[in-house]
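Working notes for the structure below.
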2 protein chains.
Amino acid sequence: MTERKIFRTLLSLEEARKRILDYFSPQPVGVEERPIWQALDETSGEDVYSSIDVPGFDRASMDGYAVRAIDTFEAEERKPVRLRVVGTIEVGGESEVEVRTGEAAEISTGAPVPKGANAVVMVEHTQLRDGQIDVFRPVNPSENIMAAGSDIMAGELVLRKGEMLTPREIGVLSAIGLEKMKVCRRPRVAIISTGNELVPVGGDLSYGKIYDINANVIAAAVTECGGEVLLEGIASDTIDDMKQKLEAGLEHADIVLTSGSTSAGKGDLLYRILDSYGPPGVIVHGLAVKPGKPTFVAIVRGKSVFGLPGYPTSALTIFTLLVRPIIGKMTGRQEAEREEGIAAKCASRIYSAKGRREFLPVHLIKDEAGSLLVYPTTEGSGAITSLAMADGFIDIPEETQFLEEGEEVLVQLFSQTPILPDLVIMGSHCVGLDILLEFIRRSDPSFHSKIINTGSVGGFNAIKRGEADVAGIHLLDEFSGKYNLPFLMRYGIQDTAVIVKGYVRQQGLIVAKGNPRGISGIEDLLTSDLAFMNRNKGSGTRVLFDLCIKRIADERKTTAEKLVSKVKGYEVETKSHSAVAAAVSHGKVDAGLGIRTAAEMYGLAFVPIAEEQYDFLVLRKRLEKESVKQFLQALASAEFRTELARKAPGLVPSEKTGTILS
Amino acid sequence: MTERKIFRTLLSLEEARKRILDYFSPQPVGVEERPIWQALDETSGEDVYSSIDVPGFDRASMDGYAVRAIDTFEAEERKPVRLRVVGTIEVGGESEVEVRTGEAAEISTGAPVPKGANAVVMVEHTQLRDGQIDVFRPVNPSENIMAAGSDIMAGELVLRKGEMLTPREIGVLSAIGLEKMKVCRRPRVAIISTGNELVPVGGDLSYGKIYDINANVIAAAVTECGGEVLLEGIASDTIDDMKQKLEAGLEHADIVLTSGSTSAGKGDLLYRILDSYGPPGVIVHGLAVKPGKPTFVAIVRGKSVFGLPGYPTSALTIFTLLVRPIIGKMTGRQEAEREEGIAAKCASRIYSAKGRREFLPVHLIKDEAGSLLVYPTTEGSGAITSLAMADGFIDIPEETQFLEEGEEVLVQLFSQTPILPDLVIMGSHCVGLDILLEFIRRSDPSFHSKIINTGSVGGFNAIKRGEADVAGIHLLDEFSGKYNLPFLMRYGIQDTAVIVKGYVRQQGLIVAKGNPRGISGIEDLLTSDLAFMNRNKGSGTRVLFDLCIKRIADERKTTAEKLVSKVKGYEVETKSHSAVAAAVSHGKVDAGLGIRTAAEMYGLAFVPIAEEQYDFLVLRKRLEKESVKQFLQALASAEFRTELARKAPGLVPSEKTGTILS
């Protein structure tokens, strides 16, 4: 780490785009033949002309009788014209029948009109008896006949180069009998991950290593925008390995993407290799945007090589801004550019990084009126859970210090098939919630919810901001000894939010099967070497634990601080009951506070400490939202209560479950 | 055709949907294992818990030095703390380094924090000299460290069953090292076409036969909504063949679709076979909607069998209404139901079929303000070009006789990836137009246009209605001898539309190579057995031809009617110049009126008749539309003029090309 390369001039996004186009013109990469039935979503690589007439013959468009129109001109309801039936023409069959003056031939929809006939009388306007028909209405020449070539004429252009093939286009190509056609070859995109810390997904993860996330994320994004992926694997931080992977990419692909190794630290290797191919080499080295500063672009052998940042959210952001439009052009698709994004409103004031244009990851929530609200994701950019939360990002200009609450912004989406959940649930995690959602989805498989575990305090804040539709909460007010209700006023939402009764939960210490250490309560944690796992600050369980500690401290006339310093693992936080149970189950810790249900799920022992009220917090106006109604209706149902009691010992519903308490 | 089965009670769409659900509950069809990198767009078939912590170790989130935080508490800008550097920790490497009091270890972003250290000082806040660093700012414990498991904790639920896998979800699964997972198996959908008239696409088309369009159209639609297609081929109208195909479908598929053979005519065979399996058998037999009356649904061996109408547009409409939601549920996807459609406005009054609920195929056009306008497709339901035109359909209730101009309607789309063109061009067909669009797309590959050939008169009408953005026109006013301009007033659009100068076109007779019949002009058509091909009524070329005939009639003191009765093929109409040229080229006819360019394209001879003005009609307010600007700018460019002259002899641009005439 002796050399620390300073980035050359950081370019703006627009300057970078322009510079890329100065050196590299994204063009379709050629065509390949494809059977029509495998051509869905491909792009036509040629103009297609019909070699046949459609239909290929004059075709009856009604069931009835083929006639000479002139024979029917006198026909009236009261004075029908009588014609002799000389034959039947079946659909798809060849027929020798010829219709002469005074004659008719029975004909089905789709059958070829016989020689001599020039119109079809609908069967409803005739009556058959003794081999003759009475015709009650006249027909004009060509009536009820679809003329040969009237749909598509031989020689007609039916599909232009560059059109995307949807079921409609495939229908037209089938009609003209085209079995295969030229479609645009998908541009091949090589993906190389770099970094000594990376292990292929599924491989052995030794200490200090992490799985290679970017390769799969970028591969999926490339596939979505019409590229074909060539996974080149992980290049270690050596010239030989990097060069070898790069060579493979340049040889087989139309465009090369790398990620990682672009920071000003170790990343110089890759630049030096790229520059060693001779000019132009690296043409963009650093972007004046956040995230994405270490982005680079090089031109090698006429192909473009992109260096994306190492963090997955950053890599996907820069991919979306810089690479996706180029791959799009290379697909040859005559498609309107992606919309700039979808419009949404800031749910609250959003502060931005000073002095740099920022692309801030956000998630979207539909409010009760169906409008989209924008919330920044709260995890750091290095966290994969940040990517999991984010629906896309917003563009905050360099000079903007914050976006106002209610300000309209455009959200550029990460996925081209965004699926926004019907219901967003934050707050405290509970297994009962999973059972409830499963219960709802049994009757409505399309019900789509998103759960973000933030703890009870996080739930109150999320509801206050409108970021969640529903929050699971179990906060104990130590003065009144009451759960949840006192906090409505403390958060200043007594007028805007309601608490809906949930169920009682048994909280206690989750310990190993058979309780081998003979743990009988929280006191044991203070006097032994038992390893404990704590819950995150803001979670109701954490509040309960701290309260228990405080009571013991009061009894012992000492301070809580002194006591917790004796709890081994007090500062080790985890976000959910099941994570606590998993840690106990894996032998990582001896005990953790959590609900009985989690202990049972993992086949662990349980030492009861307290019973608590697990309820749901809902913004009053969101009670009108369809998905919230559905949620509360299910919660209140007797069927759910029965199911909960059966599936989750330790969760105890009551008759009040699902009713509004405040 | 002795038996004509009368439909039993026609059901409403809602009754049919309810009855299907009474007998058949669409459920996910099971799961199958899939590698993560092939799981994009699949649906998770299981809840996924993490078996590891992410990150798996305390990870530096900045480049700098790992230290004991307590050692830095006294650090100040002016009074730095000095620490001894005892080693370097590389990313991805294992390290024996331990940090003791008064020590620091160099560390890179992403590297594991060494034993003893509990914080990282950013490199920017240090200065290295002689194996020691000066630390200029204090750090707190945990600062610049991402704790083990803080992103994802072992035991945490990271993905729920039923979630669709986008790049984000694939990122999370990669982070926890999951190599493969259970995804929902796509429901298998067997597709059987019925009808003796059908020939597989690409097969030999004998007289009276047509290609099997529906199989490919329905297959594409099934694929789009998440099903896996089993093409069972074409069943002829015999009990044995139908039963055999049906058995194959029932055995291998989760749902069976047939199309054709459902009319009250021959279609009884299929019902009888379906009923022969015993109850429930056919449960829906006829729908009170247009199109779709002959639709049926049967339940056989617990599987549902749908009979779709034979016309492609009708088949796709009923598929969208009745089958797509069921396949959607069977995919197991926890996805919000498709929106009911996209909102658009009727461009003019739309009349509906009386006494039946109608699903009317429409196409959509964006106006200058970006609002969507709805136009019914004008071709009949039997025409494949009707499907090609239609973006979707609107729902007109039984009791509604018409929809008002400007009324808002919901358009249900045929394709799940609808691509609306930037520019809609109607009116007269010209090769120059193709060259112009190709020219535009070279600089903007994403420019997407739709051309509908309607002839010049159709072009005037389309512009008047706003149905097209641009229309190609060449109409001769016989009184003034002028082209196009006089018609602005005649169509009452002199204030709302403008004419943009196009180019001069040489019109004449397109005749076989070398002109073997020695044709010298239109008079020859009146005195010989020459087979002629006419253009469609409303086309400028047709108007020109009729005018020529009228002049000859005037000279000869006879009527045009008498003369045209001598032209063999006067009533045979085709829609484009290239179709005329193709007909001459195939030897179908001896001559047709068209432009020189079409003759040259097909290597045919050309007998000049007249020079005409081919111009463009644009609605004044659409001049503001981005795509229209782009179109006109390209038309006016010198580069295009050069290219046109080179590529299309017979089309003569001028300096005025691209300027507004009126």
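Per-residue answers, yes or no, for (1) away from every other protein chain (no Cβ under 14 Å); (2) surrounded by fewer than 24 Cβ atoms within 10 Å (Cβ to Cβ); (3) not in a strand (DSSP E or B):
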residue	(1), (2), (3)
A:566	yes, yes, yes
A:570	no, yes, yes
A:580	no, no, yes
A:588	no, yes, yes
A:593	yes, no, no
A:599	no, no, yes
A:603	no, yes, yes
A:608	yes, yes, no
A:612	yes, yes, no
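Every listed requirement among (1) modelled with pLDDT under 90; (2) open to solvent by 10 Å² or more (accessible area, probe 1.4 Å); (3) farther than 26 Å from residue A:314 by Cβ is met by residue A:439 save one, (1). Of all residues in segment B:192-218, those satisfying the criterion of being open to solvent by 20 Å² or more (accessible area, probe 1.4 Å), in contact with a Leu (Cβ under 8 Å, 6 or more places away or on another chain) and farther than 17 Å from residue A:167 by Cα are B:202, B:209, B:210. When we screen B:149, B:177, B:162, B:171 for residues that are within 8 Å of chain A (Cβ to nearest Cβ), surrounded by 24 or more Cβ atoms within 10 Å (Cβ to Cβ) and farther than 30 Å from residue B:327 by Cβ, the only hit is B:149. The set of residues in segment B:53-79 that are in a loop (DSSP other than H, G, I, E, B) and open to solvent by 50 Å² or more (accessible area, probe 1.4 Å) comprises B:58, B:62, B:68, B:73, B:74, B:76, B:77, B:78, B:79. Being within 12 Å of chain A (Cβ to nearest Cβ), under 28 Å from the mean Cα position of the chain (by Cα) and of a type in the set (Phe, Trp, Tyr) is a property that holds for residue B:311. Here's a check for you: in segment B:469-497, which residue that is touching a strand residue (DSSP E or B) at 6+ places or on another chain (Cβ under 8 Å) and either open to solvent by 50 Å² or more (accessible area, probe 1.4 Å) or without any contact (Cβ under 8 Å) to a residue 24 or more places away in the chain (or both) is farthest from residue B:432 (Cα to Cα)? Among those that are touching a strand residue (DSSP E or B) at 6+ places or on another chain (Cβ under 8 Å) and either open to solvent by 50 Å² or more (accessible area, probe 1.4 Å) or without any contact (Cβ under 8 Å) to a residue 24 or more places away in the chain (or both), it is B:496. For segment B:123-139, the set of residues classified as within 14 Å of chain A (Cβ to nearest Cβ) and outside any strand (DSSP E or B) consists of B:123, B:124, B:131, listed by residue number.
Just one of (1) open to solvent by less than 10 Å² (accessible area, probe 1.4 Å); (2) without any contact (Cβ under 8 Å) to a residue 12 or more places away in the chain fails for residue A:370. It is (1). A single entry from A:120, A:54, A:91, A:113 fulfils the requirement of being of a type in the set (A, V, I, L, M, F, W, C), closer than 25 Å to residue B:310 by Cα, within 14 Å of another protein chain (Cβ to nearest Cβ) and free of Cβ contacts under 8 Å to residues at least 24 places away in the same chain: A:91.
Report yes if residue A:363 is open to solvent by less than 30 Å² (accessible area, probe 1.4 Å), modelled with pLDDT under 80 and within 13 Å of chain B (Cβ to nearest Cβ), otherwise no.
Values: open to solvent by less than 30 Å² (accessible area, probe 1.4 Å): yes; modelled with pLDDT under 80: no; within 13 Å of chain B (Cβ to nearest Cβ): yes.
No.
Quick grid of which residues meet (1) farther than 30 Å from residue B:293 by Cα; (2) modelled with pLDDT of 95 or more; (3) in a loop (DSSP other than H, G, I, E, B):
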| position | (1), (2), (3) |
| --- | --- |
| B:9 | no, no, yes |
| B:22 | no, no, no |
| B:26 | no, no, yes |
| B:33 | yes, yes, no |
| B:37 | yes, no, no |
| B:41 | yes, no, yes |
| B:46 | yes, no, yes |
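Quick check on my filter: what residues within segment B:11-56 are within 26 Å of residue B:168 (Cβ to Cβ) and among the polar types (S, T, N, Q)?
Of the residues in segment B:11-56, the ones within 26 Å of residue B:168 (Cβ to Cβ) are B:28-56.
Listed by number, the residues that qualify are B:38, B:43, B:44, B:50, B:51.
Only one of the listed residues (A:189, A:183) is more than 7 Å from chain B (Cβ to nearest Cβ), in contact (Cβ under 8 Å) with a residue 24 or more places away in the chain, within 30 Å of residue A:152 (Cβ to Cβ) and not polar (S, T, N, Q). That residue is A:183. Within segment B:513-540, being more than 19 Å from residue B:585 (Cα to Cα) and either buried (at least 23 other Cβ atoms within 10 Å of the Cβ) or of a type in the set (Gly, Ala, Ser) (or both) holds for B:528, B:538, B:539, B:540. Remark: pairs (first residue in segment A:139-159, closer than 28 Å to residue A:65 by Cα; second residue part of a loop (DSSP other than H, G, I, E, B) and hydroxyl-bearing (Ser, Thr, Tyr); Cβ separation under 6 Å; 6+ apart in sequence or on different chains) = A:144/A:61; A:146/A:61; A:152/A:50. Within segment B:498-512, is there a residue that is under 21 Å from residue B:573 (Cα atoms) and open to solvent by 20 Å² or more (accessible area, probe 1.4 Å)? Yes, segment B:498-512 contains at least one residue that is under 21 Å from residue B:573 (Cα atoms) and open to solvent by 20 Å² or more (accessible area, probe 1.4 Å).
If you go through segment B:94-106 and keep only what is within 14 Å of chain A (Cβ to nearest Cβ), surrounded by 20 or more Cβ atoms within 10 Å (Cβ to Cβ) and charged (D, E, K, R), you end up with just B:106.
Checking each residue in segment B:107-117 for being within 24 Å of residue A:211 (Cα to Cα) and surrounded by fewer than 24 Cβ atoms within 10 Å (Cβ to Cβ) picks out B:108, B:109, B:114, B:115.
Meeting the requirement of 3 or more residues that are within 14 Å of another protein chain (Cβ to nearest Cβ), the helices (runs of 4 or more DSSP H) wholly within segment A:406-507 are A:431-443.
The one condition from (1) free of Cβ contacts under 8 Å to residues at least 12 places away in the same chain; (2) of a type outside the set (Phe, Trp, Tyr); (3) within 8 Å of another protein chain (Cβ to nearest Cβ) that residue B:204 does not meet is (3).
Can you tell me how many residues in segment A:93-112 are within 18 Å of residue A:125 (Cα to Cα) and part of a loop (DSSP other than H, G, I, E, B)?
3
Can you say whether residue B:142 is farther than 22 Å from residue A:448 by Cβ, assigned to a helix (DSSP H, G or I) and either open to solvent by 20 Å² or more (accessible area, probe 1.4 Å) or within 12 Å of chain A (Cβ to nearest Cβ) (or both), as far as the supplied structure shows?
Judged against the criteria, residue B:142 is not a match.
Among the residues of segment B:365-405, those that are part of a strand (DSSP E or B) and farther than 30 Å from residue B:226 by Cα comprise B:402, B:403.
All of (1) at the interface with another protein chain (Cβ under 10 Å from one of its Cβ atoms); (2) among the aromatic types (Phe, Trp, Tyr); (3) out of contact with any strand residue (DSSP E or B) (no Cβ under 8 Å at 6 or more places or on another chain) hold for residue A:73 with one exception: (1).
Is there a residue in segment A:85-92 that is part of a strand (DSSP E or B), in contact with a helix residue (DSSP H, G or I) (Cβ under 8 Å, 6 or more places away or on another chain) and open to solvent by 10 Å² or more (accessible area, probe 1.4 Å)? No, there is no match, as no residue in segment A:85-92 is part of a strand (DSSP E or B), in contact with a helix residue (DSSP H, G or I) (Cβ under 8 Å, 6 or more places away or on another chain) and open to solvent by 10 Å² or more (accessible area, probe 1.4 Å).
The values are calculated or read from the model by the stated rules, or taken from the named source; none is laboratory data. A quick note: this is a predicted structure, and the numbers were derived from the prediction, not measured. With ideal geometry, Cβ positions are generated from the backbone for all residues, glycine too; neighbour counts draw on all protein chains shown. When the accessible area is computed, the model is the full protein with side chains, heavy atoms only, and any ligands, DNA or RNA have been set aside. Shrake-Rupley method; radii C 1.70, N 1.55, O 1.52, S 1.80 Å.
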